[in-house]
1. Looking at residue 191, is it under 18 Å from residue 93 (Cβ atoms) and either assigned to a helix (DSSP H, G or I) or not polar (S, T, N, Q) (or both)?
2. Against the definition (assigned to a loop (DSSP other than H, G, I, E, B) and open to solvent by less than 30 Å² (accessible area, probe 1.4 Å)), how does residue 129 come out, yes or no?
3. What is the one condition in (1) assigned to a helix (DSSP H, G or I); (2) crowded, with 18+ Cβ neighbours inside 10 Å; (3) not basic (Lys, Arg) that residue 152 does not satisfy?
4. What do you reckon, is residue 117 open to solvent by less than 10 Å² (accessible area, probe 1.4 Å), modelled with pLDDT of 95 or more and either more than 17 Å from the chain's Cα centre (by Cα) or of a type in the set (S, T, N, Q) (or both)?
5. Restricting attention to the range 70-84, which residues are more than 24 Å from residue 136 (Cβ to Cβ) and either touching a residue at least 12 places away in the same chain (Cβ under 8 Å) or hydroxyl-bearing (Ser, Thr, Tyr) (or both)?
6. Answer yes if at least one residue in the range 108-124 is without any contact (Cβ under 8 Å) to a residue 60 or more places away in the chain, touching a Lys or Arg at 6+ places or on another chain (Cβ under 9 Å) and of a type in the set (A, V, I, L, M), and no otherwise.
7. Which residue pairs have Cβ atoms under 8 Å apart, sit 6 or more places apart or on different chains, and have a first residue in the range 173-195 that is under 18 Å from residue 83 (Cα atoms) and open to solvent by less than 100 Å² (accessible area, probe 1.4 Å) and a second that is of a type in the set (S, T, N, Q) and in a loop (DSSP other than H, G, I, E, B)?
8. For the range 98-107, check the following and say yes or no: at least one residue is more than 24 Å from residue 59 (Cα to Cα), in contact with a helix residue (DSSP H, G or I) (Cβ under 7 Å, 6 or more places away or on another chain) and touching a residue at least 24 places away in the same chain (Cβ under 8 Å).
Amino acid sequence: MIRLYGRRKTEQILADCRDQIEGLEARFGVPSAAMLAILRQELPQIDLMDLLADQAVLLHWSMARLLGHPPRRGKQDSSTGYAQVFAATAINSINFAADAGITDYKSLGLLTDHRLSRENPADLRMIWLMLHRDRNFNLLCAALTLLSAAREMTGRIDFAGYTSEEWQLIFTRYNANTHQITPYGREAYRHYTQAL
């Protein structure tokens, strides 16, 4: 498959994102090394099929606007942006952070009068488009997804106190709905230790 970002381009992107990554660490406590680990894991894996999946989602939501309602078939969501976040995952993570008092919708730039739902096409569309178009929002949602994964996998948010196994579980959960360490989790943890 044709990959979009080689090692050199990945490192250039990480350098360009450094200020934002450090800002997310200051705001939410998610270590920069963890964000770098996710990006070093995701960016080199982005390929032409990811672009095609994004185009299919854009087509779906364009059709929805034309029809006045979402088509019964079509691709509504895909992993997108540098951190390859799905809208449904971002919605879960945003709701987790709001429920836990970590942040609120308004401070995330979301002008909504209701709790977000991954079952609500308008919410799914809004979040996916923001993830796809706004690098800052994409990285912010990656940080919130790490927070949510940390709580789910360890029962606490304590980035200074996780064992290597807990880190691997957190990274695994970022990528998959499983509670057993996967190769993704092991490799992301390797990137994390190198970034420390």
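The values are calculated or read from the model by the stated rules, or taken from the named source; none is laboratory data. From a predicted model like this one, the values you see are computed outputs, not experimental measurements. All Cβ positions, glycine included, derive from the backbone under ideal geometry; neighbour counts span all protein chains shown. Side chains included, ligands, DNA and RNA excluded: accessible areas come from the protein's heavy atoms. Shrake-Rupley method; radii C 1.70, N 1.55, O 1.52, S 1.80 Å.
1. Working: under 18 Å from residue 93 (Cβ atoms): no; either assigned to a helix (DSSP H, G or I) or not polar (S, T, N, Q) (or both): yes.
Answer is no for this residue.
2. Details: assigned to a loop (DSSP other than H, G, I, E, B): no; open to solvent by less than 30 Å² (accessible area, probe 1.4 Å): yes.
So residue 129 fails the test.
3. Condition not satisfied by residue 152: (2).
4. In short, no.
5. Taking the range 70-84 and keeping what is more than 24 Å from residue 136 (Cβ to Cβ), we get 70-75.
Hits for the range 70-84 are 70, 74, 75.
6. Yes, the range 108-124 has at least one match.
7. What qualifies is 175/182; 176/182.
8. Looking for residues that are more than 24 Å from residue 59 (Cα to Cα), in contact with a helix residue (DSSP H, G or I) (Cβ under 7 Å, 6 or more places away or on another chain) and touching a residue at least 24 places away in the same chain (Cβ under 8 Å), one finds at least one in the range 98-107, hence yes.
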